[in-house]
Amino acid sequence: MLRLYATVAAGGFRRHATYRVATLAGLFTNTVFGFVFSYTYIALWAERPQLGGYSMADALAYVWIGQALITVCGLMGGGFEDELMERIRTGDIAVDLYRPADLQAWWCAANAGRSAYQLLGRGAVPLLIGALAFGFTLPDDPAAWTAFLLAVVLGSFVSFALWYLVAMSAFWLLDGQGVVQVAWLTGLFFSGMLLPLNVFPGALGEIARALPWAALLQVPADVYLGRYDGGGGLARAYGFQLGWLALLLAAGRAAQAAATRKVVVQGG
Amino acid sequence: MGVPLIELDRLEKTFTVRRRAGLLRRERREVRAVDGISFTVDRGEMVGYIGPNGAGKSTTIKMLTGILTPSGGRLRVAGIDPARERTRLARRIGVVFGQRTTLWWDLPLRDSYRLTHRMYRIPDDRYRENLARCVDLLDLGDLLDVPVRQLSLGQRMRGDIAAALLHDPEVLYLDEPTIGLDVVSKSRVRAFLRELNAERGTTVLLTTHDLTDIEQLCSRVMVIDHGRLMYDGDLAGLHEAGDGERMLVVDLARELPPIDSVPGARFVRADGPRQYLAFPASASAAPLVAAVAAEYPLVDLSVREPDIESVIAKMYGGTREGRRESLR
């Protein structure tokens, strides 16, 4: 079974690798937005130094990590849910369903391949450009990189589990665009893509940091910035991600089971 | 007697359709897509499953693959209840949906086959052998490294058929396998299916709108309409059941009044010296020809077989009228 899903993941990787121009266009967009956000943050942090406990350099690193993880951790759309929902709407999902493979595991593997490609294609370069342009420091310790990478991998899986749940709604709604837009807007804010969640005060901040979207960017970025260092901090970060991952995957499975049991495959 | 591979016993599938009826009120309506169908298919048979759009063909196929759960009745494929053991069954059946593809859209054909290899856990030597055979017979050699999105419809269909056969399925379901294909592609697909059935004994169940598929491939045909089995038998019998008529076309020496004195024949129309006489498909043409030749200056003649299209159209027409009748 593992070999099957490894093949699916490899396919997911190569599928996205075939669209080189799209990758370049995406890179360009990420970089432009990186600059726009950077200057906004510089203005903000000049006015309010140490906002959210971040130094100016940390804040800038945060911006570029965000740009690097947009597609990897599906901050603005998981990158697969449109395709999956379209397959449900048109009934092509029938083809996926009769295969001797699990639907969720299949899409999870394909998405892992996609994420891995995006990490190389659209993750590494913006981070490097940002570091060169704004002079924030990259960790020089391999252990720090490993810790960061693990948080990113977990973040991308949490993102998958979230967007899979969103996509499952198409079984009931047929046109899931409304749900996607709500999910998109929620993710944009609660992932910390616009501003770090640590900046928000009081109850709003507490809630935002406890929601699953925090696992996509806020947690990996804080791991990168060394905020979880020492005293089992990393275990807390990973535990938070794994907890949401398990919960959301289970919810996705339940939705999938309900869908395949009850819902008519369209186009019969 | 063969061994039944597919068994349906009063199989039913009912869908609930909600319809808006007024501002807030919603009407629930039950649609019986499959309404008590029973049949068995023996190992090695090649069966056509035909009917108009919305007759319940695809719904039946979906239940046979296990992706739809029947609302009632009993269903077994190779001794397996499809809905309960979908994954186990999937290893023993192959499915081709003509309008959908199992192939990986953005990647070369070869990658999809590699995936099939893993998915069905096909032993390596078996996989290589089957792939080589399909590539040879379906002429896929030049296409293996082409991304699926660049394939023509006919090429893609051949690619899909190969993908469905790499794991040596006992049954192959084909849902509209020749839809949208040109004549050459159609005949290539048909030749391959004939060979598959003859050499490997693969049981084939195919739905189609193209009756030439049936004529050329299937010894048995089932007609379904409104979720019910209207006919199950051979092609010749279908002509009779549909009250088919054959046409005797006679060329006379000169223009003459309509031939109306020959028993068993019905004058249809005349076209100069050529006259068209209809007679029951089950009757022999010989006495008719003899009778015409005895009384008229016969120059040439031909017999035209009815096409199944019109036979089936007649049959559907019959059931619709029958239905209306019963409603009264």
Segments classed as helices (runs of 4 or more DSSP H), wholly inside the range B:63-145, with at least 1 members that are at the interface with chain A (Cβ under 9 Å from one of its Cβ atoms) and touching a strand residue (DSSP E or B) at 6+ places or on another chain (Cβ under 7 Å): B:86-90
Tally of residues being within 19 Å of the chain's Cα centre (by Cα) and without any contact (Cβ under 8 Å) to a residue 60 or more places away in the chain across the range B:1-52: 1
Answer yes if at least one residue in the range B:56-63 is crowded, with 21+ Cβ neighbours inside 10 Å and in contact with a His (Cβ under 8 Å, 6 or more places away or on another chain), and no otherwise. yes
Among B:V221, B:V250, which is out of contact with any Lys or Arg (no Cβ under 8 Å at 6 or more places or on another chain), among the β-branched types (V, I, T) and outside any helix (DSSP H, G or I)? B:V221
Matching residues, the range B:118-129, being more than 29 Å from the chain's Cα centre (by Cα) and closer than 18 Å to A:A6 by Cα: B:R118, B:R121, B:I122, B:P123, B:D124
Within the range A:209-218, can one find any residue that is of a type outside the set (V, I, T), more than 20 Å from the chain's Cα centre (by Cα) and either more than 26 Å from A:A143 (Cβ to Cβ) or away from every other protein chain (no Cβ under 14 Å) (or both)? no
With the condition kept exactly as written, say whether any residue in the range B:30-48 is within 14 Å of chain A (Cβ to nearest Cβ), out of contact with any helix residue (DSSP H, G or I) (no Cβ under 7 Å at 6 or more places or on another chain), closer than 23 Å to B:L196 by Cα and crowded, with 22+ Cβ neighbours inside 10 Å. no
May I ask you to verify whether B:G72 is among the small types (G, A, S), surrounded by fewer than 21 Cβ atoms within 10 Å (Cβ to Cβ), over 17 Å from B:L196 (Cβ atoms) and out of contact with any Gly (no Cβ under 9 Å at 6 or more places or on another chain)? no
Checked the range A:183-213 for anything of a type in the set (G, A, S) and surrounded by 24 or more Cβ atoms within 10 Å (Cβ to Cβ); matches are A:G187, A:S191, A:G192
Conditions: (1) surrounded by fewer than 15 Cβ atoms within 10 Å (Cβ to Cβ); (2) touching a residue at least 24 places away in the same chain (Cβ under 8 Å). A:R261 meets all but one. Number of the miss? (2)
Identify the residue in the range A:11-24 that is surrounded by fewer than 19 Cβ atoms within 10 Å (Cβ to Cβ) and small (G, A, S) and, among all such residues, is farthest from A:G113 (Cα to Cα). A:A22
Neighbours by Cβ (under 9 Å, 6+ apart or cross-chain): first from the range A:226-244, within 25 Å of A:D140 (Cβ to Cβ); second surrounded by fewer than 13 Cβ atoms within 10 Å (Cβ to Cβ) and of a type in the set (G, A, S): A:R227/A:G53; A:Y228/A:A235
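Taking B:V299, is it in a strand (DSSP E or B), surrounded by fewer than 17 Cβ atoms within 10 Å (Cβ to Cβ) and in contact with an Asp or Glu (Cβ under 7 Å, 6 or more places away or on another chain)?
In short, yes.
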Has the range B:90-104 got at least one residue that is within 18 Å of the chain's Cα centre (by Cα), under 24 Å from A:T260 (Cα atoms), surrounded by fewer than 23 Cβ atoms within 10 Å (Cβ to Cβ) and of a type in the set (D, E, K, R)? yes
Consider the range A:232-244. How many of its residues are assigned to a loop (DSSP other than H, G, I, E, B) and under 22 Å from A:Q50 (Cβ atoms)? 0
On the basis of being free of Cβ contacts under 8 Å to residues at least 40 places away in the same chain, surrounded by fewer than 17 Cβ atoms within 10 Å (Cβ to Cβ), under 27 Å from A:L154 (Cβ atoms) and not aromatic (F, W, Y), does A:E47 make the cut? no
Looking at B:M222, B:M230, B:M247, can you tell me which residue is surrounded by 14 or more Cβ atoms within 10 Å (Cβ to Cβ) and under 13 Å from the mean Cα position of the chain (by Cα)? B:M222
Those residues of the range B:49-62 which are within 11 Å of chain A (Cβ to nearest Cβ) and of a type in the set (G, A, S) amount to B:G54, B:G56, B:S58
Reported set for the range A:214-226 where residues are buried (at least 21 other Cβ atoms within 10 Å of the Cβ) and either closer than 21 Å to A:G77 by Cα or among the small types (G, A, S) (or both) is A:A214, A:A215, A:L216, A:L217, A:Q218, A:V219, A:P220, A:A221
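Let's see how each residue does on (1) at pLDDT 90 or above; (2) within 21 Å of B:S112 (Cβ to Cβ):
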{"residue": "A:M85", "(1), (2)": "yes, no"}
{"residue": "A:D92", "(1), (2)": "no, yes"}
{"residue": "A:G113", "(1), (2)": "yes, yes"}
{"residue": "A:L120", "(1), (2)": "yes, no"}
{"residue": "A:P139", "(1), (2)": "no, no"}
{"residue": "A:T146", "(1), (2)": "yes, no"}
{"residue": "A:L162", "(1), (2)": "yes, no"}
If I filter the range A:94-111 down to residues being touching a residue at least 24 places away in the same chain (Cβ under 8 Å) and farther than 17 Å from B:L107 by Cα, which single residue comes out as surrounded by the most Cβ atoms within 10 Å (Cβ to Cβ)? A:A94
Odd one out for A:V63 among (1) under 20 Å from the mean Cα position of the chain (by Cα); (2) at pLDDT below 95: (2)
Any residue in the range A:37-47 that is modelled with pLDDT of 90 or more, touching a helix residue (DSSP H, G or I) at 6+ places or on another chain (Cβ under 7 Å), under 18 Å from A:Q118 (Cα atoms) and of a type outside the set (D, E, K, R)? no
The condition of being outside any loop (DSSP other than H, G, I, E, B), under 30 Å from B:R266 (Cβ atoms), more than 13 Å from the chain's Cα centre (by Cα) and not basic (K, R) holds, among B:E240, B:E199, B:E215, only for B:E240
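The values are calculated or read from the model by the stated rules, or taken from the named source; none is laboratory data. Here the structure is a predicted model, which means the values were calculated and not measured. Ideal geometry is used to build each Cβ from the backbone, glycine not excepted, and the neighbour counts take in all protein chains shown.
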